[in-house]
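Please treat every number below as a calculation from the coordinates, not as lab data. This one's a predicted model, so the numbers in the text were calculated from it and none came from an experiment. Because the Cβ atoms are built from the backbone with ideal geometry, glycine has one as well, and the counts that use them run over all protein chains shown.
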Amino acid sequence: MTCIECKRELSYIDHRKSVDTLGAELCRQHRKRMEKMIEKYNTSSEAIQLYYGMKEAGLHPMLEWWDGQKFVDLAISRVKLNIEIDNEYQMITHEQAMNDLEEAMHSFKNGFTTIRIPHIVIKHNLKETVNNITGIVEGLRANIKVI
Ligand SMILES: [Zn+2]
């Protein structure tokens, strides 16, 4: 049992606490850091699950990334990919849909790709979700090379 972030050996208690509260294996220091982040940004448990899922797959995501206008749930800056997690998929109003479209337009103009992932697929299909994101990152990387 080692910390996902720093590979430090975990005590039984630290392991138990971090898995119970965050669903990820973290040392006390990294657990505290994550708890502060949740307090500050109201980060969802799905965002944290996806963050560590992506890290384990060898991607380098950033949580609560400031893109110059707003905080993005997750981002991979190297390929300019933003990931937003949708929490209330059925409840979307046409104003919200319009805002999303406008945000997508702005991010494309700035060379960013934004994907929106419903929180339910992270909860139920984390591995497949991470596999798909890995594919998207590979596609983006190939496109960057062409340019
Ligand atoms: Zn650690």
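Points worth noting:
- Angle of helix 94-109 to the longest C-alpha principal axis of the chain, folded into 0 to 90 degrees and rounded to 10: 90°.
- A crude spin-label estimate for the pair GLU102 and LYS123, with each label 7 Å from Cα along the Cβ direction, gives 3.0 nm.
- When MET34, MET91 are arranged by Cβ crowding within 10 Å, least crowded first, meaning fewest neighbours, the order is MET91, MET34.
- The chain, helix-only ellipticity at 222 nm - DSSP H runs n ≥ 4, -39,500 (n - 2.57), divided by all residues, nearest 500: -17500 deg cm²/dmol
- Rg over Rh for segment 26-78 works out to 0.96, using Cα positions for both radii and the Kirkwood form for Rh.
- Enclosed volume per residue, in Å³, of the convex hull spanned by Cα atoms of segment 1-42: 57
- Note on ARG116 and MET37: the extension gain reaches 26.3 nm, defined as 0.36 nm multiplied by sequence separation minus the Cα-Cα distance.
- Of LYS55/LYS123; LYS32/LYS70; LYS40/LYS145; LYS7/LYS70, pairs whose Cα-Cα distance is over 27 Å: LYS40/LYS145; LYS7/LYS70
- Euclidean distance of C-alpha centroids, segment 86-135 and segment 1-63, integer Å: 23
- Ranking of THR43, THR2 by count of other Cβ atoms within 10 Å, fewest first: THR2, THR43
- For the chain, the longest principal axis of the C-alpha atoms and the axis of helix 45-56 are separated by about 80°.
- Contact order for segment 1-42, expressed relative to its length and based on alpha carbon pairs under 8 Å spaced 6+ residues apart, stands at 34 percent.
- Square roots of five times the Cα gyration tensor eigenvalues for the chain, Å: 28, 18, 14
- Sparsely packed GluC sites (Glu not before Pro) within segment 44-147, loop by DSSP, other Cβ within 10 Å at most 12: GLU88
- Percent antiparallel among DSSP beta bridges (both partners in segment 43-146, rounded to 5): 55
- For TYR52, TYR12, the sequence from fewest to most other C-beta atoms within 10 Å is TYR12, TYR52.
- Relative to the longest principal axis of the Cα atoms of the chain, helix 28-41 runs at roughly 40 degrees.
- Normalised contact order of segment 43-146, rounded percent, pairs of Cα under 8 Å and 6 or more residues apart: 27
- Placing dummy labels 7 Å off each Cα toward the beta-carbon, the span from GLU9 to GLU138 is 3.8 nm.
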